[in-house]
Every structure is written in C-alpha cells, then in structure tokens.
Amino acid sequence: MKKIHLDEIIEGLRKNLIQMATIIKESLDYSIKSFFEGNKNLAETVIKNDSIADSMENKLDEEALAIFALQQPIAIDLRFVVMVLKINNDLERIGDLAVNISERTIDLIDNKYYNYYDQLINFAEINYISKVCRDMVDLSIDALINKDVKKAREVIKKDLIVDSYNKSIILKCISEIKNNPESTEFFINIITISKSLERIADHTTNISEDIIYMVEGENIKHSEKKFE
Amino acid sequence: MKKIKIGLYISLLIVISLSIIGFYFKIKDEVKKEYIKKEIENIERELIISNGNKDILEKFYKITIFDEDGIVTYDSLNENKGENFLYKEETTKGFSLKKDADNIETLYVVKKKNKEYIRIAKRFEYPSNIFSLIEYLIFAIVLGGLVIALFTETTFTPISYIINFTKEIEKGNYKARITYFGEKDIEFIAKTLNHMAEAIDKRDEELKNRTKMLTEFIKNLPIGIALIDRHGKIVMCNPILEIMTNSNITENKYYYETIRNSKIIELINLSFEKKSVNLKIPVETNEDFIIYNFATYNVDGNIILIASDITEEEKLSRLKSRFISDVTHEFKTPLSIILGYTEILNERVSGEEKYYVNRIKLNIERLNEIISDLVKIEKIEDLNLFASKKELVINDIIKLVIKDLSSFAERKNIKLIFEEKKEAKIDGIEELLYYSFYNIVENGIKYHDKKENGYVRINIEDNEETLNIYITDNGPGIPPNERLNIFRRFYRINKNRTRDDENGGSGLGLSIVREAIKIHEGKVICEENKYENGSCFIITLPKNRR
C-alpha cells in the first residue's frame with residue numbers, strides 16, 4: 001500500500017470541507033436571490049442540488065471517522081478533525097434552511113402571493129437580514145479557509161444584528177396580519193423565511209466558535225467572552 | 001572564512017614553532033657537547049701543568065687515585081673505597097657526565113699516569129648563554145607569527161571579497177562586482193567571476209524583460225487563464241478570470257480556497273483525474289446572460305484552466321437550432337399533407353402514371369425521414385445540456401430494441417440474436433442509448449443481402465472500467481476505407497442520392513449515434529466481422545466512477 005502522509009490526508013479533508021462550504025454558500029445565495037426575484041427555476045435548482053450537499057456531508061463524515069480510526073491524530077490535527085465533524089453538521093443544516101427558504105419561495109409563487117410582494121418595500125429588514133446573513137456565511141468561510149480568528153469574531157458579533165432584525169420583522173408581520181387577515185399566509189411565509197435566516201446566522205456563529213476553538217484551543221461557547 | 005583564516009594561521013604557527021623548538025634542542029645539544037670538550041681540555045691542561053701532583057689538584061677538584069687493578073689508593077673525600085674503578089664509564093671512555101652522591105651533575109675525567117689512574121671530578125654547570133637561547137626562541141616565534149599573519153592577510157583579503165561577492169549574487173544582486181583583485185591566480189579568478197556576473201546580469205535582465213512581457217501579455221488576454229500545479233496551488237492567473245469566476249483569486253493558494261464556485265472546483269477536481277474537461281456556465285447579469293466556457297487541460301499533472309466568453313457563439317448556435325427546429329416544424333405539416341394526397345392519388349392512377357406517383361411518394365417519405373432526423377439531432381443537443389443521467393440496465397434497452405425491430409427482421413428473414421449474460425448497468429440517458437442501438441441494428445437488417453441464415457447478433461462485454469457492446473451481422477460488410485466516413489453527416493456509401501428503393505435514408509443515422517455515444521463519453525467504431533463476411537459495430541461506454 002502506498003504510504004500517504006497525515007498532512008496530505010488532512011489537506012484532502014480540508015479541501016472537501018471547503019468545497020462543501022462553497023456549495024452551501026451557493027445554494028444560500030441562490031435561494032435568497034430566488035426569493036427576491038421570484039425565480040421559481042432557481043428555487044427548484046436549490047432544492048435539487050441539496051442532494052449533492054447531503055452526499056458531501058456523508059463523505060466528509062466518513063473521511064473524518066476514517067482519520068480517527070486509522071491515523072489517531074493529535075493536537076491541532078485532532079482539533080481540526082473534530083471541527084470538521086461539527087462544521088460539517090452546521091453547514092448541512094444551513095443547506096437545509098436554504099432549501100426551506102426556496103420551498104417557501106415556491107409556495108409564494110405557486111399561490112400567487114407575490115402580489116403582496118410590493119408591500120415588502122416597507123420591509124427593509126428582510127433585505128438587510130439576508131444581506132447580513134450572506135456576509136456572515138462569506139466571512140465564516142473566509143475564516144475557515146485562512147484560519148482567521150478575527151473574522152470569526154466579527155461573525156459572532158453580527159449575530160446580534162440578525163437577531164434584532166428578525167424580531168422586528170416578526171413584530172411587523174404580526175401587525176400586518178392584524179390589519180389585513182387575508183394576507184396571513186404570505187406573512188407567515190415571510191416569518192418562516194426570516195426565522196430560517198436567523199437560524200442560518202446561528203449556525204455560522206457555531207462555525208466561527210469552532211474555528212476559534214481549533215486555532216486557539218479555547219472554547220468560547222456559552223461564555224460572555226464571545227462578544228469580545 | 002574567519003575560521004579558515006584562524007585555522008590556517010594557527011596551524012602554520014604551530015608548524016613553525018615546532019620546527020624552531022626542534023632546532024633549539026638540536027643546537028642546545030651541540031653547544032653542550034662543545035662545552036664538555038672544552039672542560040675536558042681544561043682539566044687535561046691543568047693535569048699537565050700540575051704534573052699529576054695531587055696536592056695542587058686537590059685545591060681545585062675532588063680527585064680519586066686508583067691502581068691498574070682498579071683499587072682506590074687515594075680519595076680526597078675518603079669515599080669510594082673498596083669499589084673497583086677499572087670498569088667505570090670514565091675509565092674506559094676517558095670521561096663521563098653523571099650525577100654524584102649529592103645528586104649534582106658532575107664531570108669525571110680519568111687519566112693514566114705511570115701505573116695509576118687519576119680521576120678528577122668537577123661540578124658541571126651549563127654555560128649561562130645556552131639559556132639565553134630561549135629568548136631567541138620566543139623572538140623567532142613572534143617574528144614567524146607576524147610573517148604568517150601578513151601572509152594570511154594578503155592571501156585571504158581577496159578571498160573574502162570573493163566570498164562577499166558570491167553572497168550578494170546568491171541574494172540575487174547580479175550587479176555586485178569584486179573590487180579588490182589580489183594577485184596572480186586569485187586575480188585571475190576574481191576577474192573571471194566578474195565577467196561571469198556580468199553575463200548573468202545580462203541574462204537576468206533579458207529574462208526579467210521577457211517575463212514582464214509575458215505577464216503583461218497574459219494579464220491582457222481576452223480569455224481567463226489560470227495555471228494550477230499538481231498539488232492544487234494556483235501558480236498564476238489573470239484578472240479576467242477573476243471577473244469570470246466572480247471571486248478574488250489569490251496566487252499561491254489552493255484552488256478550492258480562492259475560487260468560490262462549486263462547479264469550477266468540481267471541474268478542476270475532475271481534470272486531475274482526466275486529460276481535459278469542458279464546462280459551460282451561464283452567468284446572469286442585469287439584463288443579458290453571458291455564457292462562459294471553462295476548459296481544463298491536464299499537462300503532466302498540472303492543470304491549465306482556460307475560460308472564454310462564448311456568449312456570441314452560443315447565441316448563434318441557439319439561433320441555428322431555433323431556425324432548424326422552426327423550419328423542420330414548418331416543413332412537416334405541408335409534407336404530410338402532400339403525402340396524404342399522393343397516397344390518394346396513388347390509389348386512383350394506374351400504368352405509367354402509377355410509377356411516377358410512386359416515386360414522388362418514396363421521395364417525400366425520404367424527405368420526411370431527413371426532417372425527423374434533423375429534429376433528433378437538435379433534441380440530442382438539447383439533451384446534452386439539460387437531461388440528467390440515470391442508472392440504466394443495458395439488457396432491458398437491447399431487449400426493447402429487438403422487440404421493436406422483430407417484425408422488420410422477420411420480413412427480411414433475418415434472425416436477431418441477443419447473447420445475454422448477466423445484467424449490465426450504466427449511468428446514461430435512456431432515449432439516446434435506445435436510439436443508438438436501434439439505429440445500428442436497423443441498419444444491419446436494412447442493408448442485409450442474404451436470403452438465408454442472415455443474423456444480427458448483440459453481445460455485451462462487462463469490463464471493470466468500460467462496457468463494450470458488439471453488434472455483429474453477416475451482411476455485405478463495409479469496406480475498410482469507408483469505416484470512418486459512415487459516421488459523417490449525410491454521408492452515404494452509395495452516392496446515388498436518387499435511389500428510390502427501401503434502403504433510402506437520411507444519411508444522418510450514424511452521425512446521430514456518434515453524437516449520442518459521445519454524450520456518454522464513449523466511442524463507437526466499425527470493424528469487420530471476424531468470422532465471416534459482415535461488419536461489427538463496437539460501442540464502448542465508460543462506467544462512471546462516482
């Protein structure tokens with residue numbers, strides 16, 4: 001058997017993780033784009049491509065476990081492989097949430113709720129929240145690639161903004177529903193999308209925490225330190 | 001350098017000091033011998049002067065007198081009685097230098113006079129001027145040291161210049177020159193090195209200019225280019241590619257880190273395994289859409305990625321497709337109307353007119369076939385872009401083909417044989433594979449010329465990496481020089497285009513087959529039937545790795 005250095009195997013794992021992250025980022029981009037443009041084709045593509053992300057997740061899991069079993073990594077390698085397993089999970093969830101958004105979008109298109117779409121002009125928050133979310137995903141992938149703790153901390157800070165936007169969207173939707181009950185379904189869809197985006201932001205925060213743990217070896221989860 | 005210098009200095013110093021010290025001891029020995037000789041002469045002279053009178057001698061020396069038998073008769077200190085002196089060193093040799101009872105170095109001289117021996121002992125002391133030699137020694141060594149220092153300095157100064165020069169060159173400063181030459185051989189070396197540096201500098205300048213030109217050239221190319229080494233690091237890329245991939249590409253990073261497009265990453269992944277891959281990626285801009293074609297070439301493990309804007313070509317080809325599909329569609333309706341009326345006409349007329357009508361009918365049918373084949377080609381191009389591959393069982397497709405063609409085969413009295421072994425599976429587009437097999441088998445039946453024992457046989461060979469499908473017949477066969485041509489569009493072996501027999505076809509069948517198999521990344525070739533007259537079509541389909 002050809003002997004392969006552990007570094008090469010770790011690099012291979014890293015490559016697949018980055019590729020997974022790229023795929024997830026694209027599907028999120030497409031789903032947000034499809035929502036704003038009312039593009040059903042694009043939304044369907046996102047749903048169809050989710051199977052690629054799923055198979056990628058399985059592949060990464062298998063690879064990481066194989067490294068545990070066969071190589072017994074230590075120190076930074078060990079932390080890296082553990083991080084891959086965690087980040088992999090988070091990425092897959094982000095992919096699922098992107099699919100969720102696309103499904104809501106298709107629902108909106110099929111039921112011709114896009115008539116209400118004009119009202120969204122008042123909803124600058126949905127625009128902002130999606131923008132911040134995309135930035136967060138971009139930043140966390142950058143942090144992952146460059147092992148950049150600074151960027152990872154930036155992501156964690158942005159999570160607060162997303163939370164506040166989400167709250168204000170929900171409040172606005174509730175008041176809109178009270179005013180015109182016939183558009184309830186549309187606003188519930190909007191709430192779902194906003195919640196999905198908020199969940200995505202949470203997952204990117206998790207990813208960033210894992211990156212900080214991998215680089216610095218310090219666990220900042222559930223502590224006040226994380227907003228520093 | 002310093003180490004060598006000091007080492008050389010010390011070793012030279014040691015050699016010189018050692019030789020000087022050796023010389024010193026040699027000289028010291030000689031001086032001592034001379035001195036002893038002189039002392040003995042002195043003593044002898046005094047013996048002659050005193051004429052052997054022991055009283056006079058006793059004033060200066062310690063004396064011992066002994067007879068011929070070696071028995072002491074007189075001793076000034078009354079020592080040494082009872083000792084035989086005849087065999088002592090001084091008696092036999094005439095003198096000796098040894099330590100006496102008080103451990104003081106003493107010179108003994110023995111002289112024979114008449115029948116007795118007189119031994120005179122005198123304290124021996126080195127002359128003081130021998131010890132002053134040590135000062136000379138130190139002086140010599142210091143002098144030698146100075147001379148050596150001068151020598152090493154003159155030898156090593158030019159060498160240190162040369163060393164500094166080589167260090168500069170190593171850093172990449174080809175403008176560096178040696179300014180101090182030294183002498184003789186070293187001067188020659190230094191000057192040669194200077195010439196060498198000049199030549200290198202010139203070449204370097206040329207190289208830099210050329211590299212600059214090349215970089216400028218690549219940066220301003222209208223196509224995107226990137227070079228990726230075998231480890232996956234981007235060696236070089238141009239800004240156009242960054243625009244095309246919509247990502248900031250940094251050189252000296254892994255391609256999957258900087259190219260943020262999963263399709264291109266997948267493409268490069270693939271091209272590490274294969275020779276070259278092609279991919280069309282549509283990019284939507286504000287109003288229009290742009291289609292980029294990303295092609296990768298695997299050159300000895302390194303990947304060259306070339307991206308080009310094929311929007312115009314793609315638009316043209318779409319225009320062409322639309323034109324063809326429009327035209328064929330528009331042709332079809334009037335043609336079927338003509339065909340319908342011709343059939344009615346065919347029933348009504350007789351005699352010579354019937355023959356004419358028949359010919360009209362046959363040609364209309366042929367035209368119809370050409371049009372449906374053209375539609376098929378367009379469809380294949382569409383399928384290439386949009387259809388996705390599924391796992392198919394080849395055996396089922398072949399069985400379907402045989403079922404659909406069995407009545408036609410029966411009419412020509414030809415047996416269709418499928419030698420089925422085990423189930424063969426492959427990822428592919430069912431429609432295209434069905435059409436490919438159908439067309440080849442149909443041709444085999446159509447052009448068959450035997451009235452008896454005719455057959456078309458289908459075998460499947462399931463290899464590890466590929467799936468080979470052999471379709472063999474024992475018909476007229478295809479001449480070797482035509483075996484490549486038959487896959488060309490509208491090519492017919494029999495050039496007589498006005499043939500009106502039932503063998504008439506569009507001439508597009510096999511070219512469609514070739515396209516269809518190409519989409520599956522396989523190939524189709526035509527060979528002769530190994531066992532008898534006839535031809536054998538081999539379709540090779542690679543099994544998908546993933």
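Tabulated data for the structure shown
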read-out: Among the candidates B:LEU392, B:LEU362, residue that is assigned by TED's automatic domain parsing to the domain that holds B:TYR438 and within 30 Å of B:THR472 (Cα to Cα); value: B:LEU392
read-out: Subset tally (residues that are surrounded by 13 or more Cβ atoms within 10 Å (Cβ to Cβ) and not in a helix (DSSP H, G or I)) for region B:1-25; value: 0
read-out: B:GLU515 modelled with pLDDT under 85 and either closer than 16 Å to B:ASN439 by Cα or in contact with a Ser or Thr (Cβ under 7 Å, 6 or more places away or on another chain) (or both); value: yes
read-out: Filter pass, B:ILE189 being of a type in the set (A, V, I, L, M, F, W, C) and touching a Ser or Thr at 6+ places or on another chain (Cβ under 6 Å); value: no
read-out: Given (1) in contact (Cβ under 8 Å) with a residue 60 or more places away in the chain; (2) under 19 Å from B:LYS523 (Cα atoms), index of the condition B:PRO480 fails; value: (1)
read-out: Selection count where residues are within 14 Å of another protein chain (Cβ to nearest Cβ) and assigned to a helix (DSSP H, G or I), scope region A:139-150; value: 8
read-out: Residue count, region B:261-280 (criterion: under 22 Å from the mean Cα position of the chain (by Cα) and either among the basic types (Lys, Arg) or more than 10 Å from chain A (Cβ to nearest Cβ) (or both)); value: 7
read-out: Among residues of region B:411-451, those that are part of a strand (DSSP E or B) and among the aliphatic types (A, V, I, L, M), counted; value: 4
read-out: Region B:289-334, residues that are closer than 17 Å to B:ILE370 by Cα and touching a residue at least 60 places away in the same chain (Cβ under 8 Å); value: B:SER321
read-out: Of the criteria (1) part of a loop (DSSP other than H, G, I, E, B); (2) more than 14 Å from chain A (Cβ to nearest Cβ); (3) surrounded by fewer than 11 Cβ atoms within 10 Å (Cβ to Cβ), which one B:GLU251 fails; value: (3)
read-out: Test result for A:LEU70, modelled with pLDDT under 90, part of a helix (DSSP H, G or I), more than 13 Å from every other protein chain (Cβ to nearest Cβ) and farther than 24 Å from A:HIS203 by Cβ; value: yes
read-out: B:ILE338 of a type in the set (A, V, I, L, M), within 29 Å of B:LYS280 (Cβ to Cβ) and either in the same structural domain as B:GLU423 (by TED's automatic domain parsing) or surrounded by 13 or more Cβ atoms within 10 Å (Cβ to Cβ) (or both); value: no
read-out: Some residue of region A:45-65 being in contact with a Ser or Thr (Cβ under 9 Å, 6 or more places away or on another chain) and more than 14 Å from chain B (Cβ to nearest Cβ); value: yes
read-out: Some residue of region A:11-28 being among the acidic types (Asp, Glu), touching a helix residue (DSSP H, G or I) at 6+ places or on another chain (Cβ under 8 Å) and either in contact (Cβ under 8 Å) with a residue 60 or more places away in the chain or more than 11 Å from chain B (Cβ to nearest Cβ) (or both); value: no
read-out: Qualifying position, being among the hydrophobic types (A, V, I, L, M, F, W, C) and touching a residue at least 24 places away in the same chain (Cβ under 8 Å), among B:ILE265, B:ILE228, B:ILE281, B:ILE243; value: B:ILE228
read-out: Unique match (being at pLDDT 85 or above, more than 13 Å from chain A (Cβ to nearest Cβ) and either touching a His at 6+ places or on another chain (Cβ under 8 Å) or surrounded by 15 or more Cβ atoms within 10 Å (Cβ to Cβ) (or both)) among B:ILE291, B:ILE306, B:ILE240; value: B:ILE306
read-out: Complete set of residues in region A:29-44 that are more than 13 Å from every other protein chain (Cβ to nearest Cβ), small (Gly, Ala, Ser) and either part of a helix (DSSP H, G or I) or free of Cβ contacts under 8 Å to residues at least 24 places away in the same chain (or both); value: A:SER31, A:ALA43
read-out: Hits in region B:178-233 - residues which are within 30 Å of A:GLN19 (Cα to Cα) and in a helix (DSSP H, G or I); value: B:THR215, B:ILE218, B:LYS219
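The values are calculated or read from the model by the stated rules, or taken from the named source; none is laboratory data. As the structure is a prediction and not an experimental result, all values here were calculated from the model. With ideal geometry, Cβ positions are generated from the backbone for all residues, glycine too; neighbour counts draw on all protein chains shown.
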